[in-house]
Amino acid sequence: MSIAAEQLPAPRRFDLSARAVAAARHHLLTLFAILALVYLLLPIAVVVAFSFNDPVGRFNFTWGSFTLDNWANPFGFPDLRGAVVLSLEIAALSSIAATILGTLIALALVRYHFRGRGATNLLIFLPMASPEIVMGSSLLTLFLNYSIPLGFATILIAHIMFNISYVVVTVRARLAGHDRHLEEAAMDLFATPWATFYRVTLPLIAPGVLAAGLLAFALSVDDFVITYLVSGSDQTFPLFVWGAARVAVPPQINVIGTMVFAAALVLMFLNIAFQWRRSPKGAA
Amino acid sequence: MAVEERSETGRVTRGREVADIRLERVTKRFDDVVAVDDVSLAIERGSFFALLGPSGCGKTTTLRMIGGFEEPTGGAIFLGDADVTGLPPYKRDVNTVFQSYALFPHLSIFENVAFGLRRRGQRGDPLKRRVEEMLELVALPGLGKRKPGQLSGGQQQRVALARALVNSPQVLLLDEPLGALDLKLRKQMQLELKRIQNDVGITFVHVTHDQEEAMTMADQIAVMNAGRIEQLGSPDELYERPRTAFVASFLGASNLLRGRAAGEGVVRLEDGTEVRVPAAALAGRTGPVAVGIRPEKIRLAAGESNMLEGVIAERSYIGVSTQYIAQTGTGSITVYAQNTDHGPSGLAAGDRVTLSWSPESTFVVDALEEERR
């Protein structure tokens with residue numbers, strides 16, 4: 001046996017291993033990419049899988065048996081429906097308000113030179129740079145000092161506040177890429193300032209405004225720290241999950257989570273389809 | 001009644017005669033910088049007018065004030081008879097072709113061209129016909145459905161022109177519209193712009209820093225420097241009889257020789273040579289002046305009444321002409337000799353030469369201040 005092994009042509013063996021190394025090198029990047037994706041997606045996969053779980057006991061941590069009950073009855077847990085509805089309401093209202101205000105601020109910052117422009121730039125950046133716990137506690141102090149009752153209004157105010165910064169940054173990036181002569185050209189072609197805004201400026205920044213709005217919505221739905229501090233006795237979905245986790249983790253949380261994830265996926269695919277349809281076919 | 005009617009007709013006739021655009025003592029200050037300094041200007045109806053000057057001379061600011069994009073700090077602007085000084089751009093019968101074209105990227109070519117007409121309430125078939133007519137005028141028929149991003153630079157330039165012209169404005173403003181095109185396309189567009197201006201008969205005001213472009217296209221040129229108009233005239237007037245050293249050196253090349261006015265139509269140069277100039281060119285000037293001669297007006301031989309002796313210092317053959325630099329008693333003089341015969345001409349560096357030129361091709365400008373310092 002050993003003789004036979006020694007009789008194998010050495011160069012060929014070398015060749016084989018070299019080829020294996022080359023192949024490994026060639027696919028190394030792919031391999032790492034797959035590992036990274038698995039790392040990112042595995043928790044989501046677990047969440048989705050456990051939404052079909054019929055848990056043993058109150059905590060949805062170990063696999064019992066497969067069931068569709070949770071999906072048939074997604075709000076089948078006390079207070080869950082209210083928390084989800086509140087989260088969606090706050091997210092919708094705060095993202096709309098922040099998008100309008102933030103877009104106007106971005107327009108002012110990019111298009112006009114005014115006293116206090118530098119200060120505004122800095123102040124807009126602050127909410128993104130400061131820790132949420134600091135923002136939340138200072139807002140709470142403010143509300144308490146003015147004896148504003150905590151609840152829907154204070155959550156909404158807080159969410160609009162931190163969302164504005166993100167909207168400004170997103171819209172400003174979009175605006176900066178555009179020729180400012182475009183607006184002059186519109187005015188030159190007899191468009192009033194209002195017509196210039198909705199015929200030229202708004203269509204040009206619309207993708208940025210939409211992106212900013214969606215980002216604001218997502219940030220609002222997701223926020224925990226600031227909301228926790230200013231919410232009083234009201235509960236948004238993240239607050240509900242956190243509160244529930246101490247006594248029970250119902251599989252309905254996974255159902256809602258999966259729904260949010262699915263909604264995000266659908267939006268993303270719609271966007272891809274839209275972009276693909278809009279891409280100039282005539283140019284090809 | 002009769003009196004009123006007469007005055008009415010009188011005003012209308014005057015309206016036809018007055019300039020299309022009139023600037024009266026217009027000044028524009030940006031903080032501490034004076035961009036346009038007390039400029040008065042009248043532009044004739046139907047003319048092709050060029051504002052020519054180096055960057056920062058105030059030509060673009062002047063154009064933007066006519067368009068309504070900048071408010072003058074002082075003075076008034078008239079379009080025909082109407083004072084438009086405080087009016088926003090959308091209330092002026094003026095359209096602009098921007099340097100960057102500024103085509104709306106989200107609209108098709110058709111909608112870009114139709115933009116102004118739609119804002120003025122035109123709809124349906126007349127609009128469609130007018131836009132297509134205009135796309136034909138700029139030689140872009142059938143491209144209406146494309147987006148600006150799908151066109152070449154030259155095509156975008158034509159769309160920008162069509163978008164402005166389709167409104168039949170009283171005045172068309174062009175802000176360095178050919179600056180972004182390559183040389184060959186630029187030459188072609190210069191001739192085409194001139195043709196289109198002839199066809200439509202609208203007053204064109206064209207801003208450029210390219211003296212050749214201004215000379216090729218414009219009927220009248222205002223040469224601007226440091227916020228002021230140095231000289232206004234037809235291209236040949238500016239070239240043959242520049243009134244300042246700046247104009248002489250900005251439009252083509254010039255030899256400027258220092259001297260002093262020495263009587264009727266005579267200037268004595270620094271080395272004592274007397275040069276005869278047209279009496280009108282001296283225009284009552286006394287004391288230090290500078291005498292200018294274009295390099296191509298100088299002969300490398302005796303024969304004309306103004307003469308200088310010199311030595312050829314440099315010689316470079318550039319095909320259509322040969323350029324010589326001759327050292328004389330009053331400094332170096334550049335001469336362009338047309339290569340009309342076969343092969344390069346015979347003079348070489350070090351040769352002694354007599355330069356001569358006619359008094360008629362001599363001009364006089366004020367003494368060269370900045371060089372003296």
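The values are calculated or read from the model by the stated rules, or taken from the named source; none is laboratory data. Fair warning: this is a prediction, and the values are worked out from it, not measured in the lab. Every residue, glycine as well, gets a Cβ built from its backbone with ideal geometry; the counts of neighbours run over all protein chains shown. The protein model used for the area step is the full one, side chains on, heavy atoms only, and it has no ligands, DNA or RNA in it. Shrake-Rupley method; radii C 1.70, N 1.55, O 1.52, S 1.80 Å.
Just to be sure I understand: if you take the accessible area of chain B alone plus chain A alone and subtract the pair, with a 1.4 Å probe, what total do you get in Å², rounded to 100?
1900 Å²
Evaluate peptide B:84-91: per residue, the Cβ atoms of other protein chains within 10 Å of its Cβ; return the mean as an integer.
Taking the mean over all residues of the peptide, I get 3.
May I ask which of B:59/B:194; B:147/B:184; B:59/B:147; B:28/B:91; B:128/B:184; B:59/B:91 have a Cα-Cα span longer than 27 Å here?
B:59/B:147; B:128/B:184
Of the DSSP beta bridges with both residues in the protein assembly as shown, give the percent that are antiparallel, rounding to the nearest 5.
Within the protein assembly as shown, antiparallel bridges account for around 75 percent of the total.
Which residues, if any, in segment B:131-171 lose at least 40 square angstrom of accessible heavy-atom surface (probe 1.4 Å) when the other protein chains sit next to their chain rather than the chain being alone?
With the partner chains in place, segment B:131-171 has these residues losing at least 40 Å²: B:150.
Rank by packing, highest mean first: peptides B:252-259, A:69-76, with packing defined as the count of other Cβ atoms within 10 Å averaged across residues.
B:252-259, A:69-76
If you restrict to DSSP beta bridges whose two residues both lie in segment B:3-239, what percentage is antiparallel, to the nearest 5?
Percentage antiparallel, nearest 5: 50.
Provide Rg over Rh for segment A:79-249; use the alpha carbon set for both Rg and the Kirkwood Rh (inverse mean inverse pair distance).
Taking Rh as the inverse mean 1/r over Cα pairs, Rg/Rh reads 1.07.
What would the Debye equation give as log₁₀ I(q)/I(0) for segment B:253-372 at q = 0.09, 0.10, 0.14 Å⁻¹, counting only Cα atoms as equal point scatterers?
Each listed q corresponds, in turn, to -0.25, -0.30, -0.57.
Give the long-range amide H neighbours of residue A:59: residues separated by 5 or more places, or on another chain, with amide H under 5 Å away, using H modelled in the peptide plane at 1.01 Å from N.
A:249
Over the protein assembly as shown, with every protein chain in place, what whole percent of the accessible area is carbon and sulfur at 1.4 Å, could you tell me?
60 percent
From other protein chains only, count the Cβ atoms within 10 Å of every residue's Cβ in B:101-107, then give the mean.
6
Would you please put B:89-98, B:240-249 in order of how densely packed they are, using the mean number of other Cβ atoms within 10 angstrom per residue and starting with the highest?
Result, highest mean Cβ count within 10 Å first: B:89-98, B:240-249.
Suppose only helical runs count, i.e. DSSP H with n ≥ 4. What mean residue ellipticity at 222 nm does that imply for chain B under -39500 (n - 2.57) per run, divided by all residues and rounded to the nearest 500 deg cm²/dmol?
Estimated from H runs of four or more residues: -8500 deg cm²/dmol.
What is the sum of charges, Lys and Arg at +1 and Asp and Glu at -1, for the other residues whose Cβ falls under 15 Å from the Cβ of residue B:178?
So the surrounding residues net to 0.
Using R₀ = 35 Å, calculate the FRET efficiency as 1/(1 + (r/R₀)^6) where r is the Cβ-Cβ separation of residue B:367 and residue B:309; round to 0.05.
Efficiency computed from Cβ-Cβ geometry: 0.90.
Work out how far the C-alpha atoms of segment B:121-257 reach from end to end along every principal axis, then list the three figures in whole Å, largest first.
64, 29, 24
How far is it, in nm, from the label point at residue A:18 to the one at residue A:268 when both lie 7 Å from their Cα along the line to the Cβ?
4.3 nm
When Cβ neighbours within 10 Å are restricted to other protein chains, what is their mean count per residue of peptide A:177-185?
If you average over the peptide's residues, the count of other-chain Cβ atoms is 6.
Bin all alpha-carbon pair distances of segment B:3-239 at 10 Å intervals from 0 and give each bin's fraction as a whole percent.
8, 31, 35, 21, 6, 1, 0
Could the peptides A:232-238, A:127-133 be put in order, highest first, of the mean number of other beta-carbon atoms found within 10 Å of their residues?
A:232-238, A:127-133
Using Cα centres only, tell me the gap between segment B:85-112 and segment B:245-315 in whole Å.
Taking the Cα centre of segment B:245-315 as reference, the centre of segment B:85-112 is 48 Å away.
Can you compute the helix-only [θ] at 222 nm over chain A? Use -39500 (n - 2.57) per DSSP H run of at least 4 residues, normalise by all residues, nearest 500 deg cm²/dmol.
-24500 deg cm²/dmol
Counting only C-alpha contacts under 8 Å and six or more residues apart, can you give the relative contact order of segment B:253-372 as a whole percent?
After rounding, I find 31 percent.
Please list, in chain and number order, the residues 5+ apart from residue B:44 or on another chain whose amide H is under 5 Å from its amide H, with Hs placed from the backbone.
Excluding prolines and chain starts, which carry no amide H, the hits are B:20.
Report the Stokes-Einstein translational diffusion coefficient (µm² s⁻¹, integer) for segment B:190-321, Rh taken as the Kirkwood radius over Cα pairs, at 25 °C with viscosity 0.890 mPa s.
It comes out at roughly 141 µm²/s.
Just to check I understand the Karplus step: with θ = phi - 60° and J = 6.51 cos²θ - 1.76 cosθ + 1.60, what whole-Hz values come out for segment B:276-284, glycine and proline as x?
Computed from phi, the couplings for segment B:276-284 are 8, 10, x, 4, 5, 5, 6, 6, x Hz.
Can you find, among B:280, A:250, A:229, the residue farthest towards the positive end of the dipole of the protein assembly as shown? Put +1 on the C-beta of Lys and Arg, -1 on that of Asp and Glu.
A:250
I'd like to check one number: the per residue accessible area of segment B:276-360, probe 1.4 Å, reported in Å² as a whole number.
51 Å²
Give me the base-10 log of I(q)/I(0) for the protein assembly as shown at each q in 0.06, 0.07, 0.11 Å⁻¹, Debye formula, one uniform scatterer per Cα, rounded to two decimals.
Taken in order of the listed q values, log10 I(q)/I(0) reads -0.62, -0.75, -1.16.
With every protein chain present, what is the per residue accessible area of segment A:79-249 (1.4 Å probe, Å²)?
On a per-residue basis, 49 Å².
Please give the solvent-accessible surface of residue A:44 in Å², to the nearest 10, using a probe radius of 1.4 Å with every protein chain present.
Accessible area of residue A:44: about 60 Å².
If I take every Cα pair under 8 Å that is 6 or more residues apart in chain B, average their sequence separation and divide by the length, what percent do I get for the relative contact order?
Normalised by residue count, the contact order of chain B is 15 percent.
Residue B:97's amide H: which non-local residues (gap 5+, or another chain) put their own amide H closer than 5 Å, with H modeled 1.01 Å from N in plane and none for Pro or chain starts?
Distant-sequence amide H within range of residue B:97: B:173, B:174, B:175.
Can you give the Rg/Rh ratio of segment A:75-144, where Rg is from the C-alpha atoms and Rh is the Kirkwood radius?
1.13
Among residues other than residue B:141 whose Cβ falls under 14 Å from its Cβ, what is the net charge (Lys/Arg +1, Asp/Glu -1)?
Neighbourhood net charge equals +3.
What Kirkwood radius, in Å to one decimal, follows from the Cα pairs of segment B:63-151?
Mean inverse Cα-Cα distance, inverted, gives 15.0 Å.
Using only the Cα atoms of segment A:20-145, what do you get for the radius of gyration and for Dmax, in Å?
Considering segment A:20-145 through its Cα atoms, Rg and Dmax are 24.1, 70 Å.
What do you reckon, how do B:45, B:315 stack up by accessible area (1.4 Å probe), largest on top?
From most accessible down to least: B:45, B:315.
Relative contact order of segment B:172-258: what whole-number percent is it, with Cα pairs under 8 angstrom and at least 6 residues apart?
21 percent
Semi-axes of segment A:151-216's equivalent ellipsoid from the Cα gyration tensor, sqrt of 5 times each eigenvalue, largest first, rounded to whole Å?
30, 13, 8
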